[in-house]
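Step one of this worksheet: look at the structure below.
The values are calculated or read from the model by the stated rules, or taken from the named source; none is laboratory data. Note that the structure is predicted; figures quoted are calculated from it, not measured. For neighbour counting, all protein chains shown are included, and Cβ atoms are generated from backbone atoms with ideal geometry for every residue, glycine included.
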Amino acid sequence: MVVASPSPLRTKKTKAVGIPTIDLSKSSRSMLAESIVKACEEYGFFKVVSHGVPKEVLSRLEQQGLDFFAKPAAEKQLAGPASPFGYGSKNIGRNGDTGELEYLLLHTNPLSISERSKAISNHPSKFSCAVNDYIEAVRELACEILDLVGEGLWLSDKFIFSRFIRDAHSDSIFRFNHYPPVVTDPSLVLKLHHTTTAPYVSTPIGFGEHSDPQILTILRSNDVGGLQISLHDDGLWVPVPPDPSEFFVIVGDVFQALTNGRFKSVRHRALANTSAKARLSMMYFGAPPLNARISPIPEMLPPKQPSLYKPFTWGEYKKAAYSHRLGDSRLDLFKLL
Ligand code: GA4
């Protein structure tokens, strides 16, 4: 069932909006399917509760993230630079985007995780085990959501979406973002640094505005806020109150293309963290194999409804994404009309 979340936050240039919430333990399968499709169409974003992923899987992964980011900078650098996988700090992508964060980017392939974990943790098998268990659990959740979408859209092949991320060659990735507390009080910045350079006057950015290129993203964070979504082109941002026990689902560009624009890949961003505690978020980005061909599925192309996008492979799309800036509208590059 879709319910409005209680008492959303209200800050400058933001809008109070209830985030759609899908309770997987309630409602019939067909009602769930209908609610998820509606949330993907209207918001491109929703929260999932009663998801069935054990708490222990979440806390074990969180601890691994905290342990890594607590290491001295020089030790963390041994796991970098992120090109694209590994440890990165402040630089995002290859084209000059920056943010007030540090991160770890990993391919979800267990072999690749096992290889990388040696530079990340003093207990590599503990780290890779925590990451693999988490990925396995959220992949299952993602597949369940994708199958419900298939049912909600009345597709002849209900598993068409989940098959992409179940594929052994799926290009899905995993990301830890760590947003350390930043100082925003201008007078404090001057006192701290004894400098005349301009201090922050508005809230700095943690991770700039963008849409996710993949099919869908499953996000979880600790109890520190910062995530915002943009629902309409009205320049207003909707703050997403953090909920460490639940997941948020983000529609990506490929889902928008597969549904011929019926689903919206939501633009989102994370503000720099102005609280005293660090924000830690973890994302699973569900993607097809590199050679998978992406074009609107037949049911999304009724007579007189032309395809909005040129067909592309996920590899082609990814290449285009990585050669542009974070905030660019990548899907526009493949628009037909
Ligand atoms: C956004 C979603 C994922 O975090 C990510 C990001 C990637 C990166 O950080 O390397 C990108 C960004 C993301 C989209 C455009 C390109 C690539 C940074 C960037 C400027 C891992 C992804 O797949 O695309």
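Go through Gly226, Gly235 for me and flag whichever is on the phi > 0 side of the Ramachandran plot and at pLDDT 90 or above.
Gly226
So, in segment 297-313, of the ones that are in contact with a Phe, Trp or Tyr (Cβ under 8 Å, 6 or more places away or on another chain) and not in a strand (DSSP E or B), which residue ends up farthest from the ligand (Cβ to nearest atom)?
That would be Glu299.
Quick one: Tyr322 ticks every box in (1) of a type in the set (Phe, Trp, Tyr); (2) touching a Phe, Trp or Tyr at 6+ places or on another chain (Cβ under 9 Å); (3) within 14 Å of the ligand (Cβ to nearest atom) bar one, so which box is it?
Only one criterion in (1) of a type in the set (Phe, Trp, Tyr); (2) touching a Phe, Trp or Tyr at 6+ places or on another chain (Cβ under 9 Å); (3) within 14 Å of the ligand (Cβ to nearest atom) is unmet by Tyr322, namely (2).
Of the conditions (1) in contact with a Lys or Arg (Cβ under 9 Å, 6 or more places away or on another chain); (2) over 16 Å from Tyr284 (Cα atoms), Ala82 satisfies every one except a single condition; which number is it?
Among (1) in contact with a Lys or Arg (Cβ under 9 Å, 6 or more places away or on another chain); (2) over 16 Å from Tyr284 (Cα atoms), the lone unmet condition for Ala82 is (1).
All but one of (1) over 28 Å from Ser83 (Cβ atoms); (2) of a type outside the set (Asp, Glu); (3) modelled with pLDDT of 95 or more hold for Gly206; which doesn't?
Among (1) over 28 Å from Ser83 (Cβ atoms); (2) of a type outside the set (Asp, Glu); (3) modelled with pLDDT of 95 or more, Gly206 violates only (1).
Inspect all residues belonging to segment 36-47 and state whether any of them is surrounded by 15 or more Cβ atoms within 10 Å (Cβ to Cβ), away from the ligand (no atom under 16 Å from the Cβ), touching a residue at least 24 places away in the same chain (Cβ under 8 Å) and among the small types (Gly, Ala, Ser).
Looking for residues that are surrounded by 15 or more Cβ atoms within 10 Å (Cβ to Cβ), away from the ligand (no atom under 16 Å from the Cβ), touching a residue at least 24 places away in the same chain (Cβ under 8 Å) and among the small types (Gly, Ala, Ser), one finds at least one in segment 36-47, hence yes.
So which residues in segment 15-51 are outside any helix (DSSP H, G or I) and of a type in the set (Lys, Arg), if there are any at all?
Of everything in segment 15-51, those that are outside any helix (DSSP H, G or I) and of a type in the set (Lys, Arg) turn out to be Lys15, Lys26, Lys47.
Condition test on Val240, is it in contact with a strand residue (DSSP E or B) (Cβ under 9 Å, 6 or more places away or on another chain), among the β-branched types (Val, Ile, Thr), at pLDDT 95 or above and more than 19 Å from Ile173 (Cα to Cα)?
For Val240, the condition - in contact with a strand residue (DSSP E or B) (Cβ under 9 Å, 6 or more places away or on another chain), among the β-branched types (Val, Ile, Thr), at pLDDT 95 or above and more than 19 Å from Ile173 (Cα to Cα) - is met.
Test each condition in (1) within 16 Å of the ligand (Cβ to nearest atom); (2) outside any strand (DSSP E or B) for Glu209 and report the one that comes out false.
(2)
Pick from segment 52-79 the residues that are small (Gly, Ala, Ser) and over 21 Å from Leu227 (Cβ atoms): which of them is farthest from the ligand (Cβ to nearest atom)? Outline the logic, then answer.
First, pick out the residues of segment 52-79 that are small (Gly, Ala, Ser): 52, 59, 65, 70, 73-74, 79.
Cutting the leftovers down to over 21 Å from Leu227 (Cβ atoms) gives us 52, 70, 73-74, 79.
On the way: Gly52: 25, Ala70: 22, Ala73: 20, Ala74: 23, Ala79: 15 Å.
The residue in question is Gly52.
Residues are listed down the side, and each one gets a yes or a no for (1) modelled with pLDDT under 95; (2) closer than 24 Å to Leu290 by Cβ:
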{"residue": "Leu146", "(1), (2)": "no, yes"}
{"residue": "Val149", "(1), (2)": "no, yes"}
{"residue": "Trp154", "(1), (2)": "no, no"}
{"residue": "Asp157", "(1), (2)": "no, yes"}
{"residue": "Ala168", "(1), (2)": "no, yes"}
{"residue": "Phe176", "(1), (2)": "no, yes"}
{"residue": "Pro186", "(1), (2)": "yes, no"}
{"residue": "His193", "(1), (2)": "yes, no"}
{"residue": "Ala198", "(1), (2)": "yes, no"}
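Within segment 68-107, can you find the residues that are of a type outside the set (Gly, Ala, Ser), within 21 Å of Ala321 (Cβ to Cβ) and out of contact with any strand residue (DSSP E or B) (no Cβ under 9 Å at 6 or more places or on another chain)?
Arg94, Asn95
Inside segment 110-151, can you point out the residues that are of a type in the set (Gly, Ala, Ser), within 18 Å of Val254 (Cβ to Cβ) and touching a Lys or Arg at 6+ places or on another chain (Cβ under 8 Å)?
Answer for segment 110-151, where residues must be of a type in the set (Gly, Ala, Ser), within 18 Å of Val254 (Cβ to Cβ) and touching a Lys or Arg at 6+ places or on another chain (Cβ under 8 Å): just Gly150.
Specify the residue that is nearest to the ligand (Cβ to nearest atom); the eligible residues are those in segment 80-125 that are of a type in the set (Gly, Ala, Ser) and surrounded by 21 or more Cβ atoms within 10 Å (Cβ to Cβ).
Restricting to residues being of a type in the set (Gly, Ala, Ser) and surrounded by 21 or more Cβ atoms within 10 Å (Cβ to Cβ), the top hit is Gly88.
Select from segment 144-187 the residues that are outside any helix (DSSP H, G or I), farther than 16 Å from Leu216 by Cβ and of a type in the set (Gly, Ala, Ser) and list them in ascending order.
Across segment 144-187, the qualifying residues are Ser156, Ala168.
Among the residues of segment 251-273, how many are hydrophobic (A, V, I, L, M, F, W, C), assigned to a strand (DSSP E or B) and over 10 Å from Ile215 (Cβ atoms)?
The number of residues fulfilling the criteria is 2.
Could you give every pair whose Cβ atoms fall below 8 Å, whose first residue belongs to segment 68-85 and is under 16 Å from Leu101 (Cα atoms) and assigned to a loop (DSSP other than H, G, I, E, B), and whose second residue is more than 16 Å from the ligand (Cβ to nearest atom) and at pLDDT 95 or above, counting only separations of at least 6 or pairs across chains?
From residues that are under 16 Å from Leu101 (Cα atoms) and assigned to a loop (DSSP other than H, G, I, E, B), the pairs are Ala79/Phe68; Ala79/Ala119; Ala79/Ile120.
Please find, within segment 152-181, the residue that is nearest to the ligand (Cβ to nearest atom) out of those that are within 26 Å of Arg60 (Cα to Cα) and of a type in the set (A, V, I, L, M, F, W, C).
Ile173
Could you grab me the full set of residues in segment 126-144 that are closer than 12 Å to Ser172 by Cβ and either within 16 Å of the ligand (Cβ to nearest atom) or in contact with a helix residue (DSSP H, G or I) (Cβ under 7 Å, 6 or more places away or on another chain) (or both)?
Step one: list which residues in segment 126-144 are closer than 12 Å to Ser172 by Cβ, which gives 135-136, 138-139, 142-143.
Correct list: Ile135, Val138, Arg139, Ala142, Cys143.
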